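Below is one structure, written out as structure tokens; the observations come after it.
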Amino acid sequence: PNYGVKGELRRDENNTLWNLDPYLQASWQFLPTVRLDTGLRYSNVHYQSEDHYIKGTNGDDSGSTDYQKVLPSAAFTWEITPELSTYISYAKGFETPTFTEMAYPAEGTAGINFALKASTSDNYELGLKAQHRLGDFTAAVFQSNTQDDIVSAGSVDGRATFKNADKTLRQGVELSWHKNLWQDLTAQASYSFLDATFDAEIAHSDPKKVVKSGNYIPGIAKNQAYIALGWQPETGFNAGIDVRYMDKIYVDDLNSDAAPSYVLSSANVGYIWKNNDWKVRSFARIDNLFDKDYVGSVIVNDGNSRFFEPADGLNWSAGLSVTKQF
């Protein structure tokens, strides 16, 4: 088979990144059942690129940039009863671009995309945690308002570029449950709802088109669910089954198409043996039990509209691990 040929050298550079993140944390138990946790972090990230591919019309694209931000956080926790607690929190978020995201400017010029900004966000969460005879429950609602969100600008011939969206909004709900049913038989379930949208218009690669405020951010599923049943003793035979649901995923900023939703089932078995300081664990797992055809991932904003990547059919894995404590 022909696996391709090595092309001509097009880039030669040394990229360096370092960061400094000093922080302070404090907790105050100002009532027997109420606690305040606070934090303050100063994040400073430095990027530097030294270009060694300077030839003909290809000039020196060396450069550097810094990202820095002060990030406060605070959370109140109230223990309503020994089995029930609630919390409310706020945190300032800060996400710098990676060198992969900075590799190519969205406008098609050469060199590192030092114009890409770091995103900042205001994150709010309200949650509840409960221990009950019917199981352990957690529930949370959240909202994240992001400025200069780092999003896909397009992908052409395997070259992905990124840009900043002025404002995005993410809000949703997360639920989880866990229960020991009988001896070592356990059950768990989780569900998440995430509404992730552009909160302001952004430019499109086609100047005749505009990505409207309210469009869904591509590559993100709105609904996800998971349920599992397992026999999980500390030693001996173990086994389990699980089912996972994934909602449809939009493929581009215009929401012109979407990968369909799907449901997958998996099963696993194993054996754990312990003797003094030694532990031997064997396992086998089958994924996609019913050999379902589905889209495993999408290439967001692909320039040739080749958005969909198929997932594996029925597949299995097995392994063995041996550990010793010293």
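Can you find, within segment 1-40, the residue that is nearest to Val70 (Cα to Cα) among those that are of a type in the set (Gly, Ala, Ser) and free of Cβ contacts under 8 Å to residues at least 24 places away in the same chain?
Taking segment 1-40 and keeping what is of a type in the set (Gly, Ala, Ser), we get 4, 7, 26-27, 39.
Next cut, free of Cβ contacts under 8 Å to residues at least 24 places away in the same chain only: 4, 7, 26-27.
Working: Gly4: 48, Gly7: 44, Ala26: 16, Ser27: 19 Å.
Here the residue is Ala26.
Answer yes or no as to whether Pro32 is within 26 Å of Ile150 (Cβ to Cβ) and assigned by TED's automatic domain parsing to the domain that holds Ala103.
On the way: within 26 Å of Ile150 (Cβ to Cβ): no; assigned by TED's automatic domain parsing to the domain that holds Ala103: yes.
Taking the combined requirement at face value, the residue does not satisfy it.
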query: Can you spot a residue in segment 179-192 that is of a type outside the set (D, E, K, R), surrounded by 16 or more Cβ atoms within 10 Å (Cβ to Cβ), modelled with pLDDT under 95 and in a strand (DSSP E or B)?
result: no
message: Let me confirm something: among Gly296, Gly319, which residue is of a type outside the set (S, T, N, Q), surrounded by fewer than 12 Cβ atoms within 10 Å (Cβ to Cβ), free of Cβ contacts under 8 Å to residues at least 40 places away in the same chain and not in a loop (DSSP other than H, G, I, E, B)?
response: Gly319
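Yes or no, residue by residue, for (1) crowded, with 16+ Cβ neighbours inside 10 Å; (2) of a type outside the set (Ser, Thr, Tyr); (3) at negative phi; (4) not assigned by TED's automatic domain parsing to the domain that holds Phe198:
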site	(1), (2), (3), (4)
Tyr250	yes, no, yes, no
Asn268	yes, yes, yes, no
Val280	no, yes, yes, no
Asp287	yes, yes, yes, no
Lys292	no, yes, yes, no
Ser305	no, no, no, no
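Enumerate the strands (runs of 3 or more DSSP E) found wholly within segment 1-97, keeping only those where 1 or more residues are closer than 28 Å to Ala130 by Cα.
Working: elements: 13-20, 23-31, 34-51, 63-81, 84-95.
Answer list for segment 1-97: 23-31, 34-51, 63-81, 84-95.
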query: Just checking, how many residues over segment 6-40 are surrounded by 11 or more Cβ atoms within 10 Å (Cβ to Cβ) and closer than 22 Å to Thr96 by Cβ?
result: 10
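Among the residues of segment 41-58, which ones are free of Cβ contacts under 8 Å to residues at least 40 places away in the same chain and either β-branched (Val, Ile, Thr) or surrounded by 12 or more Cβ atoms within 10 Å (Cβ to Cβ) (or both)? Let's see the steps before the verdict.
Quick first cut of segment 41-58, residues free of Cβ contacts under 8 Å to residues at least 40 places away in the same chain only: 41-42, 44, 46, 48, 50, 54-57.
Arg41, Tyr42, Asn44, His46, Gln48, Glu50, Ile54, Thr57 - these are the residues of segment 41-58 that are free of Cβ contacts under 8 Å to residues at least 40 places away in the same chain and either β-branched (Val, Ile, Thr) or surrounded by 12 or more Cβ atoms within 10 Å (Cβ to Cβ) (or both).
Yes/no matrix, rows are residues, columns are (1) part of a loop (DSSP other than H, G, I, E, B); (2) crowded, with 17+ Cβ neighbours inside 10 Å; (3) among the acidic types (Asp, Glu):
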residue	(1), (2), (3)
Asp195	no, no, yes
Pro207	yes, no, no
Gly219	yes, yes, no
Ala225	no, no, no
Ala228	no, yes, no
Pro233	yes, no, no
Phe237	no, no, no
Val243	no, no, no
Ser256	yes, no, no
message: Whether any residue in segment 108-130 is over 18 Å from the mean Cα position of the chain (by Cα), assigned to a strand (DSSP E or B), of a type in the set (Ser, Thr, Tyr) and more than 21 Å from Ala200 (Cα to Cα) is what I want to check.
response: no
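The values are calculated or read from the model by the stated rules, or taken from the named source; none is laboratory data. This is a predicted model, so every value here is computed, not measured. Here Cβ is always computed from backbone atoms with ideal geometry, including for glycine, and neighbour counts include all displayed protein chains.
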